[in-house]
Amino acid sequence: MSGSATLGTNLIDDLVPTIDDLRGDLNADFGTRQWRVYVVRRTWNGGERGRGSYVETQLEITPPPLVSFDEEERLLPEGRDEEGTITLTEVSLTYTADELLGGNIPAHVEAFYRLDDQHGQGTGSQYYVPKKPPAPDRENGIGWKVVLLPAEVPA
């Protein structure tokens with residue numbers, strides 16, 4: 001399922017469905033997109049994050065975006081610590097900035113990205129939060145660019 005953006009009548013917007021179809025079909029055929037990417041929102045009934053119980057909604061980003069890891073690890077006395085960013089590119093322009101967590105998140109909503117391995121390499125789910133608002137790229141990647149930071153998300 002794609003996003004809910006209202007596309008315009010320009011050539012780029014006219015081509016978005018074709019671009020998304022090609023990215024979805026070709027990357028699936030070649031097996032080049034390792035990760036299924038979800039935007040997850042937990043709405044807490046206690047008025048703030050972590051208070052009470054929550055209802056979780058997930059939005060899978062389709063077709064799967066290109067995920068580029070720019071992470072580094074630091075060795076600390078208590079163990080390894082990941083730092084750095086990952087960047088999602090080629091995110092369909094059918095999504096709105098709010099769907100990609102670009103708007104204000106209410107105090108009772110916990111929001112993050114989850115990456116799940118889709119090719120059986122056995123890597124666990126990875127969690128991230130936006131470093132900055134998503135930015136549309138209509139010239140190079142024809143899609144949103146989303147920069148994320150690693151996050152600790154309790155189960």
List the residues whose amide H sits under 5 Å from the amide H of residue 151, counting only those 5 or more places along or on another chain, with H placed 1.01 Å from N in the peptide plane.
127, 128, 129
For segment 84-138 and segment 1-61, distance of Cα centres in Å:
8
Apply the Karplus parameterisation 6.51 cos²θ - 1.76 cosθ + 1.60, with θ equal to phi minus 60°, to every residue of segment 127-136 and state each ³J(HN,Hα) to the nearest whole Hz, in sequence, with x for glycine and proline.
10, 8, 10, x, 7, 7, x, x, 10, x
So the compactness index of the chain, its C-alpha Rg divided by 2.2 N^0.38 Å, takes the value 1.11
Hey, what number do you get for the chain at 222 nm if only DSSP H runs of n ≥ 4 count, each worth -39500 (n - 2.57), divided across all residues, to the nearest 500?
-4500 deg cm²/dmol
Suppose the chain between residue 70 and residue 27 were pulled fully straight at 0.36 nm per residue; how much longer would it get relative to their current alpha carbon spacing?
13.3 nm
Exposure proxy check on 62, 87: fewest-to-most Cβ neighbours within 10 Å is 87, 62
For the Cα atoms of the chain, what angle does the longest principal axis make with the long axis of helix 11-30, in degrees from 0 to 90, nearest 10?
70
What is the packing order of peptides 141-154, 45-58, taking the mean over residues of other C-beta atoms within 10 Å and listing the highest first?
141-154, 45-58
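Only the coordinates and a few stated rules stand behind these numbers; no lab work does. Computed from a prediction, not measured in an experiment: that's the story for all the values here. When we count neighbours, we look across all protein chains shown, and the Cβ atoms used for this are built from the backbone with ideal geometry, even at glycine.
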